[in-house]
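Note sheet for the following structure.
The values are calculated or read from the model by the stated rules, or taken from the named source; none is laboratory data. Only a predicted model underlies this, so the values are computations on that prediction, with no experimental measurement involved. Neighbour counts are summed over all protein chains in view; Cβ atoms, including those assigned to glycine, are modelled from backbone coordinates with ideal geometry. Remember, those area values only see protein heavy atoms, side chains included, never the ligands or the DNA or RNA. Shrake-Rupley method; radii C 1.70, N 1.55, O 1.52, S 1.80 Å.
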Amino acid sequence: MKIVNQVIDLYQEFDKTIERFKRATNLSCPKGCSYCCRHWWVEATVLEVLPLAKEIYTRGQEEAIMKQIQEKQTRKDPLCVLLLPESDQQVDGYCAYYAWRPLMCRLFGFATRRNKYGALELCTCKIINDTLPAAVRRSRIAIQQGLSLPAYQEAFFHINSIDPYRGYKRLPINMAIKEALDYLYWVRPEGKEWKKASGY
């Protein structure tokens with residue numbers, strides 16, 4: 001689908017910018033950290049999780065994921081259905097679909113925002129601030145000197161303007177995934193499998 005590929009293209013741009021920034025400053029998440037996934041109410045729009053939903057279909061996991069979402073709703077468990085147990089010792093944030101994670105998960109800890117004067121300032125997390133103070137200082141200086149990171153407001157606008165109908169209503173992460181899976185069920189070609197986007 002065209003809109004899925006457009007979202008993926010923007011995610012790839014953001015990822016490249018963030019990786020370039022990480023290499024220049026040594027800013028990074030502590031290895032094995034999943035604090036943001038386990039302590040924040042993650043939200044996303046349906047549009048932001050369409051690439052993820054498509055990948056779930058590609059792997060043939062849609063029924064299992066939908067069942068797990070239903071079970072979480074019954075237990076009133078807000079944590080993301082794709083969050084793996086800490087015992088799994090996953091390097092990439094304990095996320096079962098790390099490469100396909102939505103926008104907030106990509107930007108959290110590695111984005112900027114505009115302050116009241118319109119200047120860009122680093123938005124990182126408490127864990128990174130506490131464990132890598134020198135890298136945080138380098139990062140703030142790098143931003144002042146013009147090294148770029150995605151800005152929250154602009155990044156959300158670029159993604160969400162692709163399809164305003166599905167791009168502006170923020171939902172709890174599991175509800176966003178469920179609605180994206182429902183949407184793709186009805187629009188995918190009858191009897192055809194989803195193909196993975198090249199290079200992603």
Checking Ser139 against (1) touching a helix residue (DSSP H, G or I) at 6+ places or on another chain (Cβ under 6 Å); (2) open to solvent by 40 Å² or more (accessible area, probe 1.4 Å): exactly one of these is not met. Which one?
(2)
Name the single residue, out of those in the stretch 34-67 being aromatic (Phe, Trp, Tyr) and open to solvent by 80 Å² or more (accessible area, probe 1.4 Å), that is modelled with the lowest pLDDT.
Trp40
Expected single match for under 30 Å from Ala142 (Cβ atoms), part of a helix (DSSP H, G or I), among the charged types (D, E, K, R) and open to solvent by 70 Å² or more (accessible area, probe 1.4 Å) among Lys16, Lys31 is Lys16
Checking the structure you have, find out if any residue of the stretch 107-124 is closer than 27 Å to Met175 by Cβ, in contact (Cβ under 8 Å) with a residue 24 or more places away in the chain, open to solvent by 50 Å² or more (accessible area, probe 1.4 Å) and among the basic types (Lys, Arg).
yes
So Met175 passes all but one of these: (1) buried (at least 18 other Cβ atoms within 10 Å of the Cβ); (2) within 30 Å of Gln73 (Cβ to Cβ); (3) modelled with pLDDT of 95 or more. Which condition number does it fail?
(1)
Which condition number in (1) within 20 Å of Val4 (Cα to Cα); (2) not in a helix (DSSP H, G or I) is the one that Tyr57 fails?
(2)
Go through (1) over 20 Å from the mean Cα position of the chain (by Cα); (2) farther than 17 Å from Tyr35 by Cα; (3) of a type in the set (Ser, Thr, Tyr); (4) open to solvent by 20 Å² or more (accessible area, probe 1.4 Å) and name the single condition Tyr152 misses.
(1)
Could you tell me how many of the residues in the stretch 31-86 are in contact (Cβ under 8 Å) with a residue 24 or more places away in the chain and among the basic types (Lys, Arg)?
4
